[in-house]
Every structure is written in C-alpha cells, then in structure tokens.
Amino acid sequence: MSERGSSMQTPPETDVHAELPRVVPAPFRDRTAEPVRVGVGGRLTLAGADPEAADWFTRSADRLHGLRVEAVRENAGVRVFPAADPAEFAAVAPATGVDPRPVPGADERHALEIAEDRIVVRAAGAEGAFRALTSLVQLLTVDAAGGVWAPRGTVVDGPRYTWRSLSLDVVRHWFTVQEVRRVVDLMALYKFNVLHLHLTDSQGWSLESRRWPELTRPRPDGTRRYYTREEFAGLVAHAAHHHVTVVPEVDLPGHTGAAFDAYPELHGDIPPIHPRARFLHPDSEAALGFARDVLEEFAELTPGRFLHLGGDEPFGMLHDDYVRFVEHTHRSLRATGKRAVGWQETARAGVLDGEDVLQYWIGAPDEFDAEGIKAQVPPEYHAVVDRAAESFRISPGDAPAAVRAGVPVLVAPNSRLYLDRSYADACADPAQENDRERLGLPAYEPITVADTFAWDPDDTAESAAPGACVAGVEAAVWGETMTGFDDLAFLLLPRLPGVAEKAWTRRRTEWAGHRRSLAAHRAFWDALGFGNHFRPAD
C-alpha cells in the first residue's frame, strides 16, 4: 500500500458505522479497538492468499463494499502467511464432531492482525485463510472519500464443530442454479461448510436420472424443474470453491410420490394403503432395484464422503417393512463407497454405525395432534394418521438408540432450526406483514428471532440423547409455502447467522450482542441479493 494515513486520524461518523462492525459468527477471541485506515482510493492490496481465498475476497469486497482488491507481491496491504508455529493457535482447541469434507482434517484456525495500512492473516492452512478473509470482509468500512477502515487489533478464531450445515429444499419450491449459488455465497460469509440439498420428494425429482429418465421429463410447457448432471457438477464445484461440501439427499422409502407417478410399477404387487401414503416396499423387486440405481447415480456425482438416504416419515409403513428397506438402502449406499446420513427414524432399523450420522430433527414442543388432524381429513385417511402418530410417539427413542450404537448425532431440531417456521415478531416494515402471515408451515408455532437464538447444541443433544457425540449443527428451510427467491430471503434472514454462531462459536453469546453485530450485515444481505430479509420490530 503506497499511501499512508495518520495513525491519529479517525473516520468521520457520517461516513462509516458509528459502532465498529463485528464478526458473525462471534470469534473465539476479538481484541479490537478504534478504527484505523487500511486503504485509500477505494482499494486494498492482497498478497500471499490461496487463489480460491483471493478470488472470494476480491469478489466479496467488491460486492459488499465497492472495493477494488489488487494482487501484489510485496509485503503490504493484506498479507496472508502460513502459521509459523501451530502453538500460535493453541488457545483455540481443534473442532469436534464429524468432518464432512471429501478430504478430512483441514484446519480452519486462524489469526487476523489489523494495524494501520497493514493487515496480516496467519492461518493453519488454506481453509483457515479463507475463513480469516471472510471475517476481514465483514470488518471493513468505507468512507465517502474512499478511505478503507477496520478496527485495530487481533482476532483469533476457529470452529466449534466441523459440520456446519444448511439444508435447502429444492423440490417443493424449485431454485435455479444461479439462486443456489447465491445461497452458497451467503453460507460462505457465515462460515457454513455443508449444503444439504433435499433433491427428491413426492412433489418432484430434482436431479437428472439417466437410468430412470421419466423422473425428470420436462413439463408439457417445456420447462424443467431439475438439475442436469452437468449443472449439478457445476454447483458442487462452486460450493467447493467456497469450502462448502454438498451432501445430496435421495429420500427413501417414503416421500416417493413423484417416483410412483413416473413409474407405477414400483408398487410391485403391493397396493398402497392409501394413494397419499405411498412408499417403496421391500417385497417389490422393482422398488429395491430403483433404490439401488438412484443411490448409485447420486454417488457418481458426489465427491464428498456422505450421502443422505432420507428415511423420514414413512407414514403407513409397517415397522418390519421399514427396517428391511432401510437395511437395503444402507447396504446399497455403502456399496458405493459413501457413508450415510439419515433422518432420525433410520435409527429404528439398527443399521447405522459410527461411520454414519443420524440427523435429529423432531424437537419439542411440536407434538403430533392425531385427533385434531382426523377432525380435518376424510375418514379414509385415519389409518394413515394413526400410523403417523405412532411414528412420532416413539421418536424420543431414536437418538438414544443411535448413541447406544455409537452413531454421531447431527443436531437439527425443528423447534429451533427449521427456518420455514413463521415469525412471532411484529414487522418493522408494514409492507412485509403479508409475507409474515403467508410464509411458514401453519402446523408450527411461530417463534421470535430472539428465541431462535436462545439454545445451545450441546444442551439440546444432551437432552435428546445423553452422551451423544455431536456431529455438528444443521438448519433447514422447506419450500411448501415459498413462491420465489424473495420468500427464501425472508425465511433465512436474520435467523441463519444465529445458527452459524451456534455451530461455530465456542463461547455462549447473548442475543443482545448478536443483534447489535447484525446491524451492519443488512447491507451485506442486500448486496448478495437477499433484499427481502425479514425486518423485525425492535
């Protein structure tokens, strides 16, 4: 950086945030003070960064701040170094949980030192440098004259869990490739590292199948609602560029209405107990072959170590039949060389082991009101409702069964982390009131943004399954009530950064401080294309 500013100069309050910007999720150690100038003329220089981290930082600085980042060789501006000594990060313990990455073991710990006209990043590896630069881009502000400012001091950080995930439903509402890429960009800003794509359900099949092509035929009007194999490979590569691993889900044996619509012969000789309660039966050879084929296809397109085999809500299915089918899908999945993630009901089959992950999702207080549902549906549905009620009744035993089998538990309680839950907060912007009333599953009790933040993964895991090994944390957003990308922005934000803080930050932080930290982030959301984020009244 060729021009130097006075160390006594401070930015005018009219040009930058009155309060210093803060990193979200909150870092392990943040010793920062007054702002100092780190760049002039609306530009920064960057040296020594890994190409992926440099590319992300350059694009993000431009999108979020209108800054130009120039690559240089000299030791000036933003300089990235490998850690000279691992003891530099000794205060930050290694992350715990299950490592979801294709090649496990990368260290995300890092330190960020900010002084006038000089910023030094020291990282344990390329991924740590990437995370450090995501923190830095949040800390920057620009004044009206093009001065670039950041708070003087140091940030030392590293993750709490190795698995930090968002599940995105692209079946109930279709999102284009470009829209999913925007979600990945947002995830990277908050240090998520897994995108769980829910790709199959009764409403559709969202990944091209060459062995069962009727699953993804274009619609009569010529439109399609699935990713080609090439498009999906591009999404996986874009995510990997942001240190995000894609874990695709093929949901079996329930949630398979779209498969039956395309291939009625999957029933075999076993008639469904009701047209709305269709599931793949282990006595149907066609169903067994279908499951094996689609799992192999998904595995071919997945460089990561994990596939999600679904297994949730097999409504109408007898227990023994469910066990047999999950045994088959688990065996087929393992034959591809992948490890399994399964919704918590899969624990009932007794096939998951320490190489797999169980996803805990059925959290209080959302009880299954069988009688209330029966009062609203025709009598021919009542047998299905009764079997569904039994499935929920026994659900408290799922996670403990996994713990006894040595299976790590991915913490994803719907009571806190299903972001398609309606907001209980009033709207600061009256124009959003219709969105607040329209979006979110009616069966879920609304929750405030503050209450979404008021929990801890270890406490939740200990309550659901004492002694559980916590694999990590996952939020989920389902598409039943969404009509477009603006609806996704409304449901995700401002709640998603709070989930990131639970998954990344070791110390317990309070809502008041987190809310203050988010004040500067609203402009980031707008810049990333999430302008319809929910604006709660204070």
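The values are calculated or read from the model by the stated rules, or taken from the named source; none is laboratory data. The structure presented is a predicted model; accordingly, all values stated were derived computationally and were not measured. Neighbour counts run over all protein chains shown; Cβ positions are idealised from the backbone, glycine included. Protein only, heavy atoms only, side chains kept; ligands, DNA and RNA dropped before computing areas. Shrake-Rupley method; radii C 1.70, N 1.55, O 1.52, S 1.80 Å.
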Inset, instruction - Looking at (1) small (Gly, Ala, Ser); (2) within 21 Å of the chain's Cα centre (by Cα); (3) within 19 Å of Phe57 (Cβ to Cβ); (4) open to solvent by 40 Å² or more (accessible area, probe 1.4 Å), find the lone condition where Ala132 falls short. - result: (4)
Inset, instruction - Assess whether Pro272 counts as being crowded, with 20+ Cβ neighbours inside 10 Å, free of Cβ contacts under 8 Å to residues at least 60 places away in the same chain and touching a helix residue (DSSP H, G or I) at 6+ places or on another chain (Cβ under 9 Å). - result: no
Inset, instruction - Select from the stretch 220-257 the residues that are in a helix (DSSP H, G or I) and at pLDDT below 95 and list them in ascending order. - result: Gly257
Legend entry - Filter result for Ala527 (in contact (Cβ under 8 Å) with a residue 24 or more places away in the chain, of a type in the set (A, V, I, L, M, F, W, C), over 30 Å from Pro94 (Cα atoms) and in contact with a helix residue (DSSP H, G or I) (Cβ under 7 Å, 6 or more places away or on another chain)): yes
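Could you tell me which of the residues Glu474, Glu437, Glu445, Glu433 is of a type outside the set (A, V, I, L, M, F, W, C) and in contact with a Leu (Cβ under 8 Å, 6 or more places away or on another chain)?
Only one candidate passes the filter, namely Glu474.
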Inset, instruction - Scan Ala527, Ala537 and give me the residue that is touching a Cys at 6+ places or on another chain (Cβ under 9 Å) and open to solvent by 20 Å² or more (accessible area, probe 1.4 Å). - result: Ala537
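Conditions tested, residue by residue: (1) modelled with pLDDT under 95; (2) in a strand (DSSP E or B); (3) over 30 Å from Ala512 (Cβ atoms).
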site: Gln9; (1), (2), (3): yes, no, yes
site: Pro21; (1), (2), (3): yes, no, no
site: Pro27; (1), (2), (3): no, no, no
site: Asp30; (1), (2), (3): yes, yes, no
site: Ala33; (1), (2), (3): yes, yes, no
site: Arg73; (1), (2), (3): yes, no, yes
site: Val78; (1), (2), (3): yes, yes, yes
Legend entry - Pair list, Cβ < 9 Å and 6+ apart or interchain, from the stretch 139-160 residues that are within 23 Å of Pro457 (Cβ to Cβ) and touching a residue at least 60 places away in the same chain (Cβ under 8 Å) to residues that are among the acidic types (Asp, Glu) and open to solvent by less than 20 Å² (accessible area, probe 1.4 Å): Asp157/Glu108; Gly158/Glu108; Pro159/Glu108
Legend entry - Spans of helices (runs of 4 or more DSSP H) in the stretch 351-466 with at least 1 residues among the basic types (Lys, Arg): 370-374, 382-393, 398-404, 414-417, 433-438
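Would you say Leu417 is crowded, with 23+ Cβ neighbours inside 10 Å, farther than 22 Å from Ala399 by Cα and among the hydrophobic types (A, V, I, L, M, F, W, C)? Walk me through it before giving the result.
On the way: crowded, with 23+ Cβ neighbours inside 10 Å: yes; farther than 22 Å from Ala399 by Cα: no; among the hydrophobic types (A, V, I, L, M, F, W, C): yes.
So Leu417 fails the test.
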Legend entry - Among (1) part of a helix (DSSP H, G or I); (2) surrounded by 23 or more Cβ atoms within 10 Å (Cβ to Cβ) - the single one Ala87 does not satisfy: (2)
Inset, instruction - Report, ordered by the first and then the second residue, all pairs with beta carbons closer than 9 Å, sequence separation of six or more or different chains, a first member in the stretch 478-489 that is in a helix (DSSP H, G or I), and a second member that is hydroxyl-bearing (Ser, Thr, Tyr). - result: Phe485/Thr176; Asp487/Thr481
Legend entry - Where Leu166 falls short, out of the listed (1) without any contact (Cβ under 8 Å) to a residue 60 or more places away in the chain; (2) closer than 30 Å to Leu439 by Cα: (1)
